[in-house]
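Structure first, then comments.
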Amino acid sequence: MRTIPPRADVVIIGAGVVGAATAYFAAASGLDVVVVERGTIAAGTSSRCEGNILVSDKEVGPELELSLYSQRVWREDLAEFAGLWEFEAKGGVVVASGSAGLAGLRTLAQHQAGLGIRVEVIDSIAGVAELEPSINRDLAGGAYYPDDAQVQPLLATHHLLRLARGHGATVLTGTEVTGILVERDQVTGVETAAGRMSAPAVVNCAGAWSGEIAALANVHLPVLPRRGFVLVTEPVPITVHHKVYAAEYVGDVASSDAGLQVSPVVEGTPSGTILMGASRERVGFDASFSAEAVARIAASGLQLFPVLRGVRAQRAYSGFRPYCPDHLPSIGADARLPGLWHAAGHEGAGVGLSVGTGKLLAQGLTGRTPDLDLTPFRPERLAEVAAA
Ligand SMILES: Cc1cc2nc3c(=O)[nH]c(=O)nc-3n(C[C@H](O)[C@H](O)[C@H](O)COP(=O)(O)OP(=O)(O)OC[C@H]3O[C@@H](n4cnc5c(N)ncnc54)[C@H](O)[C@@H]3O)c2cc1C
């Protein structure tokens, strides 16, 4: 039987990318941190996703602000580690199939530029082809976002935890949290399969399973799984230089429809394979293969790059985005139960938003005022909406 430390300043539940980032910043702030993970490191969605760090797909609002903050953390606070997780500022290209789509892109770009995002609207497909020579010439035009970037999420998760260990953190894998200990209406620790651990602060970083963790504390946190597939082609000589996606992708991301939605997202990799997404559907934790979703991903990808017709698929994988009904994560202390904190529900942007979330949470855990106002991310806001 595994022995666990009897106490910690902070117990973090979940060793995905969000838990790893939170552990790193909390441990670097001097807190005694223990991460408890029921599986292996990145056993959940953080090993079944892509690693885009996007500003281009965010509507104006709190998520965009968190995204800009997180971009700065990746690029500035963590600059010395960029090579560890293959940080690449590859840029994003959003394409529109007709004039209406292009007009929508222009409006969004104007709002975003007002917030300091670098974006260049490209009025012709010939202009887009200068960035992406293999693009479908029947499209209308697009927008270029030089600040869109990516990391390798599995590497980011592992290295953030390794760096956290360097600051004294402990990472317990294969250890399930089975209960949240509460005394006199205050969290006092966790019950695990290996025994009890006392801590004045417990952070729920359980991704798509964070609603279950909240329920252990009798707190309602409506995080649901939103399944997504990624299709990987065989290595090809055709290169896709940026993250390239269709303008309707932004609408699909923001949609709350439970049915299957597919909008094309295509990117190349250094090994020559092409990654194609993106599907979204709410089917609970059903991990079975969906030929329909993958076939539609392939068909929509060909709309952007017809040159890929005939290329063979090598594999497809799926993961569960942690989805909240208002598409915002829950970040911060839970006002309903002192000592319970959440960093959960980042849906399709958890890799990009992880390090900003972790830094902000560490500020809160050490009694400092977070750099960003966390009011829009209050964990209890969804219960208030449900009760209204
Ligand atoms: C197809 C797809 C593509 C994506 N692409 C991108 C992208 O390009 N960019 C981006 O930013 N995001 C992307 N995402 C979203 C991103 O993957 C998630 O937002 C992110 O991985 C969530 O991280 P997390 O740490 O919150 O959750 P997870 O990685 O799921 O970690 C939660 C952990 O909690 C553990 N856990 C659960 N219950 C317990 C328990 N009782 N005790 C102990 N441990 C427990 C789980 O085992 C798991 O390891 C994508 C998602 C999908 C599905």
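In segment 292-310, how many are over 18 Å from residue 248 (Cβ atoms) and surrounded by 19 or more Cβ atoms within 10 Å (Cβ to Cβ)?
Residues in segment 292-310 being over 18 Å from residue 248 (Cβ atoms) and surrounded by 19 or more Cβ atoms within 10 Å (Cβ to Cβ): 1 in total.
Would you confirm, using the coordinates I've provided, whether residue 309 is within 22 Å of residue 354 (Cα to Cα) and touching a helix residue (DSSP H, G or I) at 6+ places or on another chain (Cβ under 6 Å)?
Numbers: within 22 Å of residue 354 (Cα to Cα): no; touching a helix residue (DSSP H, G or I) at 6+ places or on another chain (Cβ under 6 Å): yes.
No.
Could you please find all residues in segment 169-201 being within 11 Å of the ligand (Cβ to nearest atom) and surrounded by 18 or more Cβ atoms within 10 Å (Cβ to Cβ)?
172, 175, 177, 180, 190, 192
In the list 263, 271, which residue meets the criterion of being among the small types (Gly, Ala, Ser) and in contact with an Asp or Glu (Cβ under 6 Å, 6 or more places away or on another chain)? It would help to see each step written out before you state the result.
Numbers: 271 fails: in contact with an Asp or Glu (Cβ under 6 Å, 6 or more places away or on another chain).
That would be 263, the only listed residue that is among the small types (Gly, Ala, Ser) and in contact with an Asp or Glu (Cβ under 6 Å, 6 or more places away or on another chain).
Return only the number of the condition from (1) part of a helix (DSSP H, G or I); (2) at positive phi that residue 189 does not satisfy.
(1)
Can you go through 340, 353, 360, 328 and tell me which one is among the aliphatic types (A, V, I, L, M), within 25 Å of residue 88 (Cα to Cα) and away from the ligand (no atom under 12 Å from the Cβ)?
Step by step, each of 340, 353, 360, 328 is checked, and only 360 is among the aliphatic types (A, V, I, L, M), within 25 Å of residue 88 (Cα to Cα) and away from the ligand (no atom under 12 Å from the Cβ).
Of the conditions (1) at pLDDT below 95; (2) more than 16 Å from the ligand (Cβ to nearest atom), residue 306 clears all except one; give me its number.
(1)
Given segment 61-159, what helices (runs of 4 or more DSSP H) lie entirely inside it while holding 1 or more residues that are under 23 Å from residue 248 (Cβ atoms), within 16 Å of the ligand (Cβ to nearest atom) and in contact with a Lys or Arg (Cβ under 8 Å, 6 or more places away or on another chain)?
Fully inside segment 61-159 and qualifying: 62-72.
Can you tell me which residues in segment 235-259 are buried (at least 16 other Cβ atoms within 10 Å of the Cβ) and not in a strand (DSSP E or B)?
236, 240, 242, 247, 248, 249, 250, 252, 253
Would you point out the residue of segment 1-53, among those that are of a type in the set (S, T, N, Q) and farther than 22 Å from residue 151 by Cα, that is surrounded by the most Cβ atoms within 10 Å (Cβ to Cβ)?
Step one: filter segment 1-53 for residues of a type in the set (S, T, N, Q), giving 3, 22, 29, 40, 45-47, 52.
Cutting the leftovers down to farther than 22 Å from residue 151 by Cα gives us 3, 29.
On the way: 3: 8, 29: 17.
Checking each candidate, the answer is 29.
The values are calculated or read from the model by the stated rules, or taken from the named source; none is laboratory data. Just so it is clear, the model here is predicted, and its values are computed rather than measured. Cβ coordinates were reconstructed from backbone atoms using ideal geometry, including for glycine residues, and neighbour counts include every protein chain displayed.
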